[in-house]
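The values are calculated or read from the model by the stated rules, or taken from the named source; none is laboratory data. The structure displayed is predicted, hence computed values, not measured ones. Note that each Cβ is placed from the backbone with ideal geometry, even for glycine, and that neighbours are counted across all protein chains shown.
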């Protein structure tokens, strides 16, 4: 067994990492860090995670000396600790945004603070295994993609790479409330959230630069993107509805075929009928579908934002980094209801 | 007081009509028709509609002789009874689709049955008062728009009329479950609906021909439309997110200004911040907003599908047909939460 | 028209007061106070409350000189301002708890702070009009009941007064999330609230002393009460399920008959079939039902916690204090769905 | 590997059985029966259950010859096939009610039809492993308890057995909508269910005779039970709030201690803080808590109705019947959110 540390163990992504790793065949969590609950016990905070009942939370990463560390922290924190972790020989999967953008200037523009560790930006590998898996295998620092980019890129990147779209691409994303995290906000206050659909963050959403960079890297170029996330009153799940003009001659059927071929060997990406989000809940799976609306192909992509959009994808990346089967510990199916 | 009949009084739209008319200053419901509950009492079926406690449901429209009849029936039923109602001098507001399309051939193609009363298709007025109110005032037969077309047209028609968009328009609509009506279906079964977002009906959605016809009539032409409705786990409300390329030089601000001017005199259409659906719940109001996403203007339109998208718009149409203030009985605001 | 001030105009109860009063025939809101949003405009905070679009919020009550003031504030604030309001001749309906308990010592024990205005505790009238309406008519200071006591007392008080129960009474209450107010909390965070039912506050719930005092006053005595509120994932509505041993010979039918007689003349309390919460949403209505479970009568009571459990009951009290019809402005029915 | 058949494979319990068994270490599903979808493929019906992608559904049980059969059928069907299955040497876990009651007369009274296989009623073992596990180990026919009895008995039976309660016991149960199954009904129609809490089935609920019989068997006697189930707008989960007068001297603390001792060796029943239903979602776990309300102890019991209340408890029973670790394949924790 390799040892793992979870940094940010009490947020939603950290808790999901603990849940997923509670039955991993090769990884065992030996350290858990929480700056907000130092000295408390996971058994008190998350009584359902029985395997970690007796794990005490430490307040800082200085003692982390595991084989791998999963960082699930707000922007700006990972870049403070990654250099030391790498120096100590700890492999790192960062679930936050600090190492997703290749350019420190871009990071500063998007996140409003200078990057504290620009020297590792070039080394960090964008951890979308289906599209970038070979690089992940060789990485010691993986930047786990955001939940929205994961859902969107798995659907769109193969089409863009093939030249199957032209003109702008409109991504209308619907996300459950867990995507905004455990931090309290009016938008996520139950009385405000439960009876409505809330478009948000349109003007300056942080995921667009990540999407564009990934499309350029993976698909060679990025079309103009219009990305509008909406909060819907579910807890887990993202559905992206993606609209773009098809290449002349292309149809829903040809797009579907292209995606099916692209993911034929992938254990986690499925191309088929209109997806139900509960198929993906708690899993590392992505369900893609291409339907025809008034003759135009429309793309749907469904994931669990905490699963394939976060914690389980991080574990998939770790599996590749250690040379294990990428499905290790991730094979369980989702709920039907 | 003028007298009103509700035909289809036990469906969601019929019940909403009773609710709205329970405090109308000029209209009083004297007849209620239900083919599914003939002989039953509204007091038993809808105990909260106290004013109608002693109204017994009749099974057919043959005895309807009110000043106005509101028809809230499935496709194919209104066209069987409208000729006789008009003959008897009853004004008609049809909340179903039978008189929305101008062409009997188009109706047959979309609804899969020949039109039984093509002679009145030319006379029927499309009842979107903000865009077609003068014609409504002179009408004796009004085709109340569908809920999706209402939300979409109020946002888009002024822009199309002004030439402010070019190329295809993508309408991503999110609707609460009441929009599908009281009829049971797997899609609306709570365990299937509550944890997901379901795109549906994409290939052959019946509202697109209605939208295109209305745009041609109101705005002079229709752009190519890609319309994808999604079921979201709320009960009342439609949010349309509308994506289109702007005319060169146009911005979110210019679109917003154009809409604000267009609806400056309208008591029911408001242009402002990103809307919350509960503002519209139970009302005849439509909340429009134009936001900027990566520099592109994005349109949002929010209504209550049973209100402005159905029953209260039908009452607004009746108000105009009788020469009353169009706001009569419709002034109450929505819930904040 | 009489003039009204809303103090605490931006909380859920304050906003609901504005909504209800936006169509009241005798009351017009001329002042709105918010300590959290002084100087802001209601039009910006609540765009859907159009009638108050141009009302600016003031930060304190010193200028309040309306005919009546509705106080919708956290515990401990009303008692600071009520003496001056009464002195100025302003009638007061306090929606908070400061004047519900008759004893300053009890208040200090329950709310953890001494009462600042004990001299008016004896004068304050407990504003449950169906059970205490004559006193309300003569009051200048009314303590509006809490939402839970309202639902529970309307069901239970007539039975206790008649001796129809014996032994302890168990009240299992289910409340929507708006009952906890607009203040952010982990319990009301959508991801934590949406998929569960949360019993809360069991040990020291503040409403029990209020319930017991009211039962002693209205019904002559109070049985031992076990009261357990649960947060359920809806926004508006309280359903109380009440369990008690019946007097020998009593049945569900005899309890139902007793309640029906008690409320025969009440426009707002209905005794009938198992209620649906949406019947009560946005209204001043209470729906009671007695069902038989394994031979034992079980009581159900349904209200809107912001309506009959708050804002609309406050308006009902004001109607009585001014000598108007108690239904003035409160006649609209709830939603079926 | 032992072979398993799922009879009723397309209902919610059948699908959950497939999900749970998709990663069981000792059981492999080789046959799936569905009378409603004969000849169809599980891959089409439940695309997320990838392991069963190529399993075709057969329409009847005549060919079932596995080591164990899980029957997840409506009342009245299992008793038609159990004799033949037993004759063929197939162990049976029946998730329906046919073998829960010991008396054919009682069955006929409760389910409205004579029992077709009364000769096996005496042999069938009530499959609540924590309270009846030794008998399960020796059984070839296990009657899996209902979801409500499971939640209620795990909390109450040890207390009744110890004499820790006196007088009537009130069980106020809140259940998610999956408990009513995949069959369409108005009560489970999303627009009717999503905004309310619905008490149902009070007069003749079928689970009470099962609860009383089990209490007599397990605890020696049954107190008078008043059981009222409520539908709440969640999908998975049951929370039982249980009210009873304590034995003189007993408190919440003493009850909690008694339960903690009783379940000290149980891997699936936990006694601790007020539970969150998502802790139990998708698992075989039961979370118990005793809180104090106005000095009275109140019991809470939380399970997943499809998990410990159905499919995973059936697997736990099978584990015992085959002599395996009772936790085999059931160790995964629930979701935090």
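General observations
- Where residue C:297 falls short, out of the listed (1) within 7 Å of another protein chain (Cβ to nearest Cβ); (2) assigned to a strand (DSSP E or B): (1)
- Any hit, segment B:107-117, residues being within 14 Å of another protein chain (Cβ to nearest Cβ), part of a loop (DSSP other than H, G, I, E, B), modelled with pLDDT under 95 and surrounded by fewer than 22 Cβ atoms within 10 Å (Cβ to Cβ): no
- Just one of the listed residues (B:82, B:92) is touching a strand residue (DSSP E or B) at 6+ places or on another chain (Cβ under 7 Å), in a strand (DSSP E or B) and modelled with pLDDT of 95 or more, namely B:92.
- Residue A:158 in contact with a helix residue (DSSP H, G or I) (Cβ under 9 Å, 6 or more places away or on another chain) and either in a helix (DSSP H, G or I) or away from chain C (no Cβ under 14 Å) (or both): yes
- Scan of segment B:74-88 for residues that are surrounded by 23 or more Cβ atoms within 10 Å (Cβ to Cβ) and farther than 16 Å from residue B:3 by Cβ, ordered by number: B:78, B:79, B:81, B:82
- If you go through segment D:2-29 and pick out every residue that is over 20 Å from the mean Cα position of the chain (by Cα) and at positive phi, you end up with 0.
- Selection within segment C:118-141 - assigned to a loop (DSSP other than H, G, I, E, B) and surrounded by fewer than 16 Cβ atoms within 10 Å (Cβ to Cβ): C:122, C:123, C:138
- Qualifying position, being buried (at least 24 other Cβ atoms within 10 Å of the Cβ) and either touching a strand residue (DSSP E or B) at 6+ places or on another chain (Cβ under 9 Å) or not assigned by TED's automatic domain parsing to the domain that holds residue D:159 (or both), among D:336, D:295, D:272, D:329: D:336
- The requirement of being part of a helix (DSSP H, G or I) and touching a residue at least 40 places away in the same chain (Cβ under 8 Å) is fulfilled somewhere in segment D:20-42, by at least one residue.
- Residue within segment A:244-266 that is more than 8 Å from every other protein chain (Cβ to nearest Cβ), assigned to a loop (DSSP other than H, G, I, E, B), crowded, with 21+ Cβ neighbours inside 10 Å and touching a strand residue (DSSP E or B) at 6+ places or on another chain (Cβ under 6 Å) present: no
- Residue within segment A:52-73 that is surrounded by 17 or more Cβ atoms within 10 Å (Cβ to Cβ), within 11 Å of chain D (Cβ to nearest Cβ), at pLDDT below 95 and over 16 Å from residue A:310 (Cα atoms) present: yes
- Residue list for segment C:205-236, filter: facing chain D (nearest Cβ under 9 Å) and either surrounded by fewer than 21 Cβ atoms within 10 Å (Cβ to Cβ) or in contact with a strand residue (DSSP E or B) (Cβ under 7 Å, 6 or more places away or on another chain) (or both): C:205, C:208, C:224, C:225, C:226, C:227, C:228, C:230, C:232
- Among the criteria (1) within 14 Å of chain C (Cβ to nearest Cβ); (2) in a helix (DSSP H, G or I); (3) more than 19 Å from the chain's Cα centre (by Cα), the one residue B:274 does not fulfil is (2).
- Residues located in segment B:282-292, provided they are farther than 13 Å from residue B:272 by Cβ and either more than 11 Å from chain A (Cβ to nearest Cβ) or surrounded by 23 or more Cβ atoms within 10 Å (Cβ to Cβ) (or both): B:282, B:283, B:284
- Members of segment B:15-41 found to be touching a helix residue (DSSP H, G or I) at 6+ places or on another chain (Cβ under 8 Å) and within 12 Å of chain C (Cβ to nearest Cβ), listed by number: B:16, B:17, B:18, B:19, B:20, B:21, B:22, B:24
- Filter result for residue D:183 (within 14 Å of chain B (Cβ to nearest Cβ) and crowded, with 22+ Cβ neighbours inside 10 Å): no
Yes or no, residue by residue, for (1) assigned by TED's automatic domain parsing to the domain that holds residue A:228; (2) over 30 Å from residue B:197 (Cα atoms):
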{"residue": "A:73", "(1), (2)": "no, no"}
{"residue": "A:83", "(1), (2)": "no, yes"}
{"residue": "A:103", "(1), (2)": "no, yes"}
{"residue": "A:106", "(1), (2)": "no, yes"}
{"residue": "A:118", "(1), (2)": "no, yes"}
{"residue": "A:124", "(1), (2)": "no, yes"}
{"residue": "A:157", "(1), (2)": "yes, no"}
{"residue": "A:169", "(1), (2)": "yes, no"}
{"residue": "A:185", "(1), (2)": "yes, no"}
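- Qualifying residue in segment C:316-325 (condition: over 20 Å from residue B:45 (Cβ atoms), assigned to a helix (DSSP H, G or I) and within 14 Å of chain B (Cβ to nearest Cβ)): no
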